[in-house]
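Notes follow once the structure below has been shown.
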Amino acid sequence: MPLYLDAGRTDSGFFVTIVHRNGVKSHVSATKSNRLVAREMRLLGSDGSYVSQQSDVQAVAAIAGRRPADDPAAWGYEDESRWGTLTTAAGQFRVPSEQGAYQAYYEQFALAVAGKGPEPVPGTEGVHTLEVLDAARLSDAERRSVDIEG
(Lines give C-alpha, C1' and ligand atoms only; values in the text may rest on other atoms or scores of the structure.)
Protein backbone atom coordinates (compact mmCIF):
# COMPACT_ATOMS: atom_id res chain seq x y z
CA MET A 1 0.00 0.00 0.00
CA PRO A 2 1.45 3.40 -0.92
CA LEU A 3 2.44 5.51 2.06
CA TYR A 4 0.12 8.39 1.15
CA LEU A 5 -2.95 6.15 1.44
CA ASP A 6 -2.20 5.36 5.08
CA ALA A 7 -0.64 8.61 6.28
CA GLY A 8 -3.02 9.30 9.17
CA ARG A 9 -5.64 11.93 9.63
CA THR A 10 -6.38 14.69 7.16
CA ASP A 11 -7.49 18.00 8.60
CA SER A 12 -10.39 19.60 6.74
CA GLY A 13 -10.43 22.82 8.70
CA PHE A 14 -9.01 24.79 11.58
CA PHE A 15 -9.53 27.78 13.82
CA VAL A 16 -6.46 29.21 15.54
CA THR A 17 -6.22 32.12 17.94
CA ILE A 18 -2.76 33.65 18.16
CA VAL A 19 -1.83 36.07 20.93
CA HIS A 20 1.20 38.02 19.75
CA ARG A 21 3.96 39.33 22.02
CA ASN A 22 2.48 42.84 21.87
CA GLY A 23 -0.91 41.55 23.07
CA VAL A 24 -2.69 41.72 19.70
CA LYS A 25 -4.90 38.70 18.98
CA SER A 26 -5.24 37.16 15.55
CA HIS A 27 -7.92 34.63 14.66
CA VAL A 28 -7.19 32.51 11.59
CA SER A 29 -9.57 29.91 10.20
CA ALA A 30 -10.24 27.84 7.10
CA THR A 31 -12.38 24.86 6.21
CA LYS A 32 -13.05 22.56 3.30
CA SER A 33 -15.83 20.60 5.01
CA ASN A 34 -18.75 22.89 4.17
CA ARG A 35 -18.57 22.42 0.38
CA LEU A 36 -18.30 26.18 -0.12
CA VAL A 37 -15.78 26.91 -2.86
CA ALA A 38 -14.52 30.39 -2.03
CA ARG A 39 -11.37 32.19 -1.01
CA GLU A 40 -12.28 35.02 1.27
CA MET A 41 -9.84 37.07 3.28
CA ARG A 42 -11.44 39.02 6.11
CA LEU A 43 -9.25 41.18 8.31
CA LEU A 44 -10.95 42.97 11.19
CA GLY A 45 -9.26 45.56 13.37
CA SER A 46 -10.08 48.38 15.75
CA ASP A 47 -9.65 50.99 12.97
CA GLY A 48 -11.45 49.19 10.19
CA SER A 49 -11.74 46.07 8.09
CA TYR A 50 -10.53 44.61 4.80
CA VAL A 51 -12.49 41.99 2.88
CA SER A 52 -11.40 40.34 -0.36
CA GLN A 53 -12.86 37.55 -2.49
CA GLN A 54 -9.50 36.82 -4.10
CA SER A 55 -8.56 33.84 -6.21
CA ASP A 56 -5.21 32.31 -7.03
CA VAL A 57 -4.84 34.06 -10.38
CA GLN A 58 -1.38 32.64 -10.98
CA ALA A 59 -2.52 29.05 -10.54
CA VAL A 60 -5.57 29.62 -12.74
CA ALA A 61 -3.36 31.14 -15.46
CA ALA A 62 -0.79 28.34 -15.23
CA ILE A 63 -3.50 25.66 -15.46
CA ALA A 64 -4.77 27.44 -18.58
CA GLY A 65 -1.29 27.08 -20.08
CA ARG A 66 -0.06 30.65 -19.60
CA ARG A 67 3.34 31.47 -18.10
CA PRO A 68 4.81 34.61 -16.46
CA ALA A 69 7.19 35.07 -19.40
CA ASP A 70 4.23 35.35 -21.83
CA ASP A 71 3.34 38.82 -20.51
CA PRO A 72 5.36 39.76 -17.41
CA ALA A 73 3.68 43.17 -17.03
CA ALA A 74 0.19 41.64 -16.86
CA TRP A 75 1.01 38.42 -15.00
CA GLY A 76 -0.38 37.79 -11.52
CA TYR A 77 -2.95 40.57 -11.22
CA GLU A 78 -6.36 39.94 -9.69
CA ASP A 79 -9.31 41.10 -11.79
CA GLU A 80 -10.68 44.45 -10.60
CA SER A 81 -14.01 42.78 -9.75
CA ARG A 82 -12.19 40.77 -7.06
CA TRP A 83 -10.22 43.59 -5.45
CA GLY A 84 -10.62 43.94 -1.71
CA THR A 85 -12.57 46.60 0.11
CA LEU A 86 -11.05 48.59 2.96
CA THR A 87 -13.63 50.10 5.31
CA THR A 88 -12.64 52.76 7.85
CA ALA A 89 -14.29 55.74 9.53
CA ALA A 90 -13.38 57.69 6.36
CA GLY A 91 -15.47 55.36 4.15
CA GLN A 92 -15.06 52.37 1.86
CA PHE A 93 -12.24 52.09 -0.64
CA ARG A 94 -11.45 49.46 -3.29
CA VAL A 95 -7.84 48.32 -2.96
CA PRO A 96 -6.02 47.11 -6.09
CA SER A 97 -4.30 43.78 -5.63
CA GLU A 98 -0.53 43.58 -5.75
CA GLN A 99 1.05 41.67 -8.61
CA GLY A 100 1.64 38.04 -7.73
CA ALA A 101 5.04 36.60 -8.58
CA TYR A 102 5.44 32.97 -7.53
CA GLN A 103 8.21 32.71 -10.12
CA ALA A 104 10.36 35.14 -8.11
CA TYR A 105 10.40 32.64 -5.22
CA TYR A 106 11.56 29.82 -7.47
CA GLU A 107 14.17 32.01 -9.13
CA GLN A 108 15.56 32.95 -5.71
CA PHE A 109 15.41 29.30 -4.60
CA ALA A 110 17.43 28.25 -7.67
CA LEU A 111 20.05 30.92 -6.93
CA ALA A 112 20.27 29.76 -3.30
CA VAL A 113 20.73 26.11 -4.32
CA ALA A 114 23.50 27.21 -6.71
CA GLY A 115 25.17 29.14 -3.86
CA LYS A 116 24.54 32.48 -5.57
CA GLY A 117 22.08 34.05 -3.14
CA PRO A 118 20.18 33.73 0.12
CA GLU A 119 17.35 31.25 0.52
CA PRO A 120 13.93 32.84 -0.11
CA VAL A 121 12.62 31.58 3.23
CA PRO A 122 15.15 30.97 5.98
CA GLY A 123 15.03 27.48 7.46
CA THR A 124 14.28 28.94 10.89
CA GLU A 125 11.02 30.40 9.54
CA GLY A 126 10.03 26.98 8.22
CA VAL A 127 10.75 25.49 11.63
CA HIS A 128 8.58 28.17 13.31
CA THR A 129 5.75 27.36 10.89
CA LEU A 130 5.98 23.70 11.86
CA GLU A 131 5.95 24.67 15.54
CA VAL A 132 2.68 26.56 15.02
CA LEU A 133 1.14 23.61 13.16
CA ASP A 134 2.30 21.17 15.87
CA ALA A 135 0.91 23.46 18.59
CA ALA A 136 -2.44 23.68 16.80
CA ARG A 137 -2.71 19.88 16.62
CA LEU A 138 -1.67 19.51 20.27
CA SER A 139 -4.18 22.17 21.30
CA ASP A 140 -6.94 20.30 19.47
CA ALA A 141 -5.95 16.89 20.86
CA GLU A 142 -5.65 18.09 24.46
CA ARG A 143 -8.35 20.80 24.31
CA ARG A 144 -6.05 23.46 25.76
CA SER A 145 -4.01 26.50 24.79
CA VAL A 146 -0.43 25.84 23.77
CA ASP A 147 2.31 28.44 24.17
CA ILE A 148 5.13 28.71 21.65
CA GLU A 149 8.38 30.39 22.56
CA GLY A 150 10.48 32.06 19.99
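Applying the condition of being of a type in the set (Lys, Arg) and not in a strand (DSSP E or B) to the range 1-33 and asking which residue is modelled with the lowest pLDDT yields ARG9. Within the range 55-67, does at least one residue satisfy the condition of being loosely packed, with under 10 Cβ neighbours inside 10 Å, modelled with pLDDT of 90 or more and in a loop (DSSP other than H, G, I, E, B)? Yes - at least one qualifying residue is present in the range 55-67. Consider PHE93 carefully, then state whether it is of a type in the set (Phe, Trp, Tyr), under 30 Å from THR10 (Cα atoms) and either modelled with pLDDT under 90 or not in a loop (DSSP other than H, G, I, E, B) (or both). Here the answer is no, as PHE93 does not meet what is asked. For the range 50-64, the candidate set comprises residues that are hydroxyl-bearing (Ser, Thr, Tyr) and within 14 Å of the chain's Cα centre (by Cα); within that set, the residue that is farthest from GLY84 (Cα to Cα) is SER55. Listed conditions (1) surrounded by fewer than 14 Cβ atoms within 10 Å (Cβ to Cβ); (2) at pLDDT 95 or above are all met by LEU111, apart from (1). For the range 45-54, filtered to residues that are of a type outside the set (Gly, Ala, Ser) and either outside any loop (DSSP other than H, G, I, E, B) or in contact with a His (Cβ under 6 Å, 6 or more places away or on another chain) (or both), the residue that is surrounded by the fewest Cβ atoms within 10 Å (Cβ to Cβ) is VAL51. Looking only at residues of the range 34-44 that are surrounded by 10 or more Cβ atoms within 10 Å (Cβ to Cβ) and of a type outside the set (D, E, K, R), we find that the one that is modelled with the lowest pLDDT is MET41.
The values are calculated or read from the model by the stated rules, or taken from the named source; none is laboratory data. Quantities reported herein were computed from a predicted structural model and do not represent experimental measurements. Methodologically, a virtual Cβ is constructed for each residue, glycine included, from the backbone with ideal geometry; neighbour enumeration extends over all protein chains shown.
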